[in-house]
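For reference, the structure is listed below as structure tokens.
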Amino acid sequence: MAKINLRAFTVLIVDQDDAHRWMMHNLLAALGVGEVLTANSNDDALTLLKRLSKKSVKERIDSVDFMICDLFEGPLNGIAMVRWIRMHRESPNRFLPVILMAKALEPQDIAEARGFGATHFLLKPVTVEALVDRVLTVVNRPRPFVYNPGYFGPDRRGNVKDVPEERRDLGRPDVRVDRSPLTTALERFPNDSVIRIFRPPNHLKRKAGGDGDEHALFTEGAVFKAHKEMEKAKCEYVGSAMDYVESLQRIMAQAGGAADKSEHFQRIHGLARQLGLQGETFGYPLISTVGNSLMRFTGSGLPNNVASIELVKVHIDSLTVILRNDMAGDGGETGRELVSQLQAAIRKITQAAATG
């Protein structure tokens with residue numbers, strides 16, 4: 001068994017969830033990745049990748065070996081990122097392994113992402129075991145790339161397994177197998193209608209210290225260290241979430257004397273969005289429930305009235321109760337009662353505002 005060595009690797013994480021992005025950074029660092037770059041949006045990631053394509057000596061940015069990208073909702077999402085990497089002329093590496101992660105992976109989303117060239121998938125909240133598995137798969141078992149007039153990306157036939165011989169008809173005049181290095185293949189990326197199968201040498205495996213047919217594996221110590229980082233992130237989450245709640249309280253205090261509260265509600269919307277993303281990841285789904293509810297109200301443009309202030313306050317009160325009582329999981333009967341009381345308060349406030 002060869003011990004995997006990722007000190008020479010550079011990994012890019014694109015995640016809109018601040019806490020989850022930092023946790024992923026620390027997990028990869030614990031597993032031995034030498035350089036972990038982060039971005040919180042597709043725009044930031046694309047800017048970084050475009051700089052990489054210019055090979056700026058002054059900025060001394062290493063090339064990215066693989067990328068882990070959140071499957072965003074909205075016009076700029078992980079699928080759009082994959083499409084840019086595979087097809088855009090400014091892409092620094094059209095063969096870059098891209099792992100997409102999301103809280104839910106519907107079959108149609110997976111099919112669409114694969115259709116644009118996604119390499120692998122991760123379900124959020126990410127576990128150490130799943131992350132280790134995807135990294136080892138990228139390093140040890142890279143898929144051949146296929147080019148045809150309608151697709152460019154990893155072979156979509158599922159897991160690539162060793163077989164006695166290639167069962168596809170490679171003798172056809174419209175099918176060619178290319179075993180040249182990826183950089184060479186990229187320089188002469190074809191524009192004709194010939195189906196090309198790229199089977200370059202596994203440079204990531206060599207870079208990680210693997211040799212021949214023997215797979216490179218993580219040591220027990222590296223995996224143990226990653227588990228400790230995961231435990232640490234979960235332990236620190238309550239304090240981090242309470243910081244968000246205190247920020248919400250400060251914003252509300254400022255909003256009290258303001259005639260136009262729209263800017264304050266926008267700031268609250270941003271904080272609520274983060275709480276909605278993070279709670280479930282760190283074992284506090286009630287935080288996500290309340291955070292998402294607050295995000296929906298503030299995202300729809302609350303009017304400058306007393307009812308809006310009351311709506312925000314009942315959400316902040318619920319978040320405070322959850323955190324002070326350390327209500328992990330669904331909170332049991334207490335958690336269900338809290339959600340029920342929040343919903344009742346919301347109905348009362350909105351009905352009073354509608355009739356008043």
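Values quoted throughout were computed directly from the atomic coordinates according to the rules given, and no laboratory measurement underlies them. Here the structure is a predicted model, which is why all the values come from computation and not from measurement. Cβ atoms come from the backbone with ideal geometry, glycine included; neighbour counts cover every protein chain shown.
Using the scaling law 2.2 N^0.38 Å as the reference, what is the normalised Cα Rg of the chain? All intermediate terms of the calculation are to be shown ahead of the outcome.
On the way: Rg = 24.0 Å, N = 356, 2.2 N^0.38 = 20.5 Å.
The reported ratio for this selection is 1.17.
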Exercise for the section: For GLN266 and GLN108, compute 0.36 nm times the residue count separating them, minus their Cα-Cα distance, and round to one decimal in nm. Expected result: 53.6 nm
Problem - With at most 16 neighbouring Cβ atoms within 10 Å, loop GluC sites (Glu not before Pro) (DSSP) excluded, longest segment of the chain - result: 167-356
Completion exercise
Whole-Hz Karplus couplings 3J(HN,Hα) for region 231-247, θ = phi - 60° and coefficients 6.51, -1.76, 1.60, Gly and Pro as x, run 4, 4, 4, 5, 5, 7, 5, 4, x, 5, 5, 5, 4, 4, 5, 5, 5
Completion exercise
Of all stretches in the chain that avoid trypsin sites (Lys or Arg not before Pro) placed in a DSSP loop and having at most 15 other Cβ atoms within 10 Å, the longest is 189-356
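Determine the percent antiparallel among the DSSP beta bridges restricted to the chain, to the nearest 5.
On the way: 8 of 31 bridges.
Taking every DSSP beta bridge with both residues in the chain, the antiparallel ones total about 25 percent.
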Problem - 5 angstrom amide H check on THR38, placed H, neighbours 5+ away - result: ILE13
Handout entry: Amide H contacts of ILE4 (H built 1.01 Å from N, under 5 Å, at least 5 apart or other chain)
Key = LEU217, PHE218, THR219
Handout entry: Estimated [θ] at 222 nm from DSSP helical runs (n ≥ 4, -39500 (n - 2.57)) normalised by residues in the chain, nearest 500
Key = -17000 deg cm²/dmol
Practice task
Kindly state, to the nearest 0.05, the FRET efficiency for VAL194 paired with ARG157, given R0 = 22 Å and r defined as their beta-carbon distance.
Solution key: 0.70
Exercise for the section: Kindly state, to the nearest 0.05, the FRET efficiency for GLU220 paired with ALA258, given R0 = 45 Å and r defined as their beta-carbon distance. Expected result: 0.20
Problem - Chain lengthening between GLN249 and TRP22 when straightened (0.36 nm per residue, less Cα-Cα) - result: 79.3 nm
Handout entry: Selected from ALA222, ALA345, ALA118 as most flexible by GNM, with the chain as the system and alpha-carbon contacts under 10 Å
Key = ALA345
